1. Which residues does a label at residue 45 reach in the range 71-90, if reach means a backbone N under 17 Å from a point 7 Å past the Cα toward the Cβ?
2. Taking 0.36 nm per intervening residue step and subtracting the Cα-Cα distance, what contour gain separates residue 86 from residue 62 on full extension?
3. Sort 21, 70 so the one with the fewest other Cβ atoms within 10 Å of its own Cβ comes first.
4. Order of 55-67, 85-97 by packing, highest average Cβ count within 10 Å first?
5. Quick check: residue separation of residue 102 and residue 34 times 0.36 nm, minus the Cα distance between them. What number comes out in nm?
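Only the coordinates and a few stated rules stand behind these numbers; no lab work does. Predicted, not measured: the structure shown is a model, and the values here were computed from it. Every residue, glycine among them, receives a Cβ derived from its backbone with ideal geometry; neighbour counts consider all protein chains shown.
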């Protein structure tokens, strides 16, 4: 995580089961080196978790643990989430249940 993103993560603490994610930029070149036009580029469906909330609450009022942590690489849905721009950087806020999977390298 870059220094600017780390500072933003300190400023924003999502509530409940929400997760702040920075999407990985879409590919602008094919593997063969051909430039892909902007309209043909697909949304980046991968992202890095920047900040997480404490977790949803159960009926007893205790927090349920989150399945993702800061720094995790995740697979995101194509649509959904709240888009926001903070200090010139684009982020997306998702509920933990909207995140499709964690990616292991």
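1. 73-81
2. On the way: separation 24, 0.36 × 24 = 8.64 nm, distance 3.09 nm.
Here the answer is 5.6 nm.
3. Working: 21 24, 70 14.
Final ranking by Cβ density, sparse to dense: 70, 21.
4. Numbers: 55-67: 11.2, 85-97: 14.6.
Ranking the peptides 55-67, 85-97 by packing returns 85-97, 55-67.
5. Numbers: separation 68, 0.36 × 68 = 24.48 nm, distance 3.00 nm.
The span from residue 102 to residue 34 would gain 21.5 nm if fully extended.
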